[in-house]
Amino acid sequence: MPHSKQPSHFQSLMLLQWPLSYLAIFWILQPLFIYLLFTSLWPLPALYFAWLFLDWKTPERGGRRSAWVRNWCVWTHIRDYFPITILKTKDLSPEHNYLMGVHPHGLLTFGAFCNFCTEATGFSKTFPGITPHLATLSWFFKIPLIREYLMAKGVCSVSQPAIDYLLSHGTGNLVGIVVGGVGEALQSVPNTTTLILQKRKGFVRTALRHGAHLVPTFTFGETEVYDQVLFHKDSRMYTFQSCFRRIFGFYFCVFYGKSFWPGSTGLLPYSQPIVTVVGEPLPLPQIENPSQEMVDKYHALYIDALHKLFDQHKTHYGCPKTQKLVFL
């Protein structure tokens, strides 16, 4: 893929801000917030924690999105840095609900974040009447302040109650699930298209229970923005990564990109184009208790639709004609 024009220092700083934002808020604002409990300002955190107790279930009941947050100008800087775009292949009717498979995970899911958690690429204009939600790890919503930030962008918990709620209250809701999960992050290296999908069938069962349409998507360029150091499964570092995942729910990946200085290595991602192609929805019947045979049938149809979507667009977005999707 060709490199886009070099970003300004301001754009680069804004881009770097997002991947580190979770850690920055957790390690800086969280202790500061608790420290205020022991100062004359203690009523502020005390009131927040009291409200947090009353508001605890909100992430599983549709969340609390903010059009203002989704339209922050910083998201347009992130969009333009790569750049990031979204391509619609078919309309999505507001009369239905949708469960969307997001592929691949990549390292930081820049494409899914920018396209579905912000209005930087014009989602609401591209899919009028559709309300997008991107599902992420449930424990993020247990962290004060971070939960507010996530809900404001329309992010929801990947828990079953949260997804069930969105797919059973009204229509026009779209829930995006990164089906490959954190395990797919370790497959994220340039020039590869490996997806963890063969045994991931829970999302199909959920779609059948609600009669939600399945929507395949593929984000070209997602695995090209960082290089990753891969460790052998017998190495100590791989063991550490596995332990880290069991404790925190995601892998500790060692990756690198570019720096502000040409030719040097840093934490900035490469400015490679990222394009999320949204495929044609696959209608599903509503079955309260779908059999395993029914789940397998529609899982196979979904894989076939995703495969066709990839093959149809791969040569337009930098993949060679011989490139194949690999399902694990």
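The values are calculated or read from the model by the stated rules, or taken from the named source; none is laboratory data. Computed from a predicted model, the values in this text were never measured in an experiment. For neighbour counting, all protein chains shown are included, and Cβ atoms are generated from backbone atoms with ideal geometry for every residue, glycine included. Remember, those area values only see protein heavy atoms, side chains included, never the ligands or the DNA or RNA. Shrake-Rupley method; radii C 1.70, N 1.55, O 1.52, S 1.80 Å.
Figures for the structure shown
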quantity	calculated
Flag for residue 119 being acidic (Asp, Glu), under 15 Å from the mean Cα position of the chain (by Cα) and modelled with pLDDT of 95 or more	yes
Set 244, 248, 327, 255: member being touching a strand residue (DSSP E or B) at 6+ places or on another chain (Cβ under 8 Å), at pLDDT below 80 and aromatic (Phe, Trp, Tyr)	255
Some residue of the stretch 145-166 being open to solvent by 10 Å² or more (accessible area, probe 1.4 Å), of a type in the set (D, E, K, R) and touching a helix residue (DSSP H, G or I) at 6+ places or on another chain (Cβ under 8 Å)	yes
Single residue of 91, 80 found to be open to solvent by 40 Å² or more (accessible area, probe 1.4 Å) and in contact (Cβ under 8 Å) with a residue 40 or more places away in the chain	80
Checking residue 314 against (1) of a type outside the set (Gly, Ala, Ser); (2) in contact (Cβ under 8 Å) with a residue 40 or more places away in the chain; (3) surrounded by fewer than 17 Cβ atoms within 10 Å (Cβ to Cβ), the condition it does not meet	(3)
Any hit, the stretch 13-22, residues being of a type in the set (Phe, Trp, Tyr) and either modelled with pLDDT of 90 or more or loosely packed, with under 14 Cβ neighbours inside 10 Å (or both)	no
Enumeration of residues in the stretch 220-249 that are within 22 Å of residue 157 (Cβ to Cβ) and crowded, with 16+ Cβ neighbours inside 10 Å	245
Any hit, the stretch 187-199, residues being touching a residue at least 60 places away in the same chain (Cβ under 8 Å), surrounded by 23 or more Cβ atoms within 10 Å (Cβ to Cβ) and assigned to a loop (DSSP other than H, G, I, E, B)	yes
Test: residue in the stretch 201-214 that is closer than 24 Å to residue 108 by Cβ, out of contact with any strand residue (DSSP E or B) (no Cβ under 8 Å at 6 or more places or on another chain), open to solvent by 10 Å² or more (accessible area, probe 1.4 Å) and touching a residue at least 40 places away in the same chain (Cβ under 8 Å)	no
